[in-house]
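J.: Questions regarding the structure given below will be posed in turn.
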Amino acid sequence: MSILLPAEDPKPAFCLRALFWLAVSALTVMSLLPAERLPDFTASIWDKAQHAAGFCLLSGLGLWAYPGGRKRTALVLGGLMGLGAAIELAQGATGWRHADLYDAIANAVGAAGGWALVQARKRWWAL
């Protein structure tokens, strides 16, 4: 069985899902930490690109960990877009971060980009 195909065996499926939720947790924590506690390299990368890349990764992992039809895809993407908006609202509630609508948009663009990459891989793999 290739690891690039949806997992039918429960062990790989569990591992993929655990990896996805670990990544969701890590991104959420890093998004809510004070900026001075983040690694130095994060300041040198364009902020919106960081948001899009993070949610692109989450989207790819989520769609890989939870393969299925349109309903499951919509649930993963909708959940990630909701998470992106919730993170921005939570940042606005902290005293050390601020909410930014454009960050929420970058999160959604990244999630959609992850979906597009998964679709491209499926079509390429089918050839």
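The values are calculated or read from the model by the stated rules, or taken from the named source; none is laboratory data. As the structure is a prediction and not an experimental result, all values here were calculated from the model. A quick note on method: Cβ atoms are made from the backbone with ideal geometry, for glycine too, and the neighbour counts reach across all protein chains shown.
J.: Output yes when any residue across the range 52-62 is out of contact with any helix residue (DSSP H, G or I) (no Cβ under 7 Å at 6 or more places or on another chain), part of a helix (DSSP H, G or I), surrounded by fewer than 17 Cβ atoms within 10 Å (Cβ to Cβ) and not acidic (Asp, Glu), and no when none is.
T.: No - not one qualifying residue is present in the range 52-62.
J.: Among the residues of the range 37-65, write down those that are hydroxyl-bearing (Ser, Thr, Tyr) and either at positive phi or modelled with pLDDT under 95 (or both).
T.: 42, 44
J.: Given the structure, is residue 65 within 30 Å of residue 11 (Cβ to Cβ) and touching a Gly at 6+ places or on another chain (Cβ under 7 Å)?
T.: No: the conditions fail for residue 65.
J.: Look at the range 92-104 and say how many of its residues are surrounded by 17 or more Cβ atoms within 10 Å (Cβ to Cβ) and either of a type in the set (Gly, Ala, Ser) or in a helix (DSSP H, G or I) (or both).
T.: Pass one, the range 92-104, residues surrounded by 17 or more Cβ atoms within 10 Å (Cβ to Cβ): 97, 103-104.
From what's left, either of a type in the set (Gly, Ala, Ser) or in a helix (DSSP H, G or I) (or both): 103-104.
Number satisfying all stated conditions: 2.
J.: So which residues in the range 85-127 are among the polar types (S, T, N, Q) and in contact (Cβ under 8 Å) with a residue 12 or more places away in the chain, if there are any at all?
T.: Listed by number, the residues that qualify are 91, 94, 107.
J.: Going by what's in this entry, would residue 40 be described as among the acidic types (Asp, Glu) and surrounded by 19 or more Cβ atoms within 10 Å (Cβ to Cβ)?
T.: On the way: among the acidic types (Asp, Glu): yes; surrounded by 19 or more Cβ atoms within 10 Å (Cβ to Cβ): no.
Criteria not met by residue 40.
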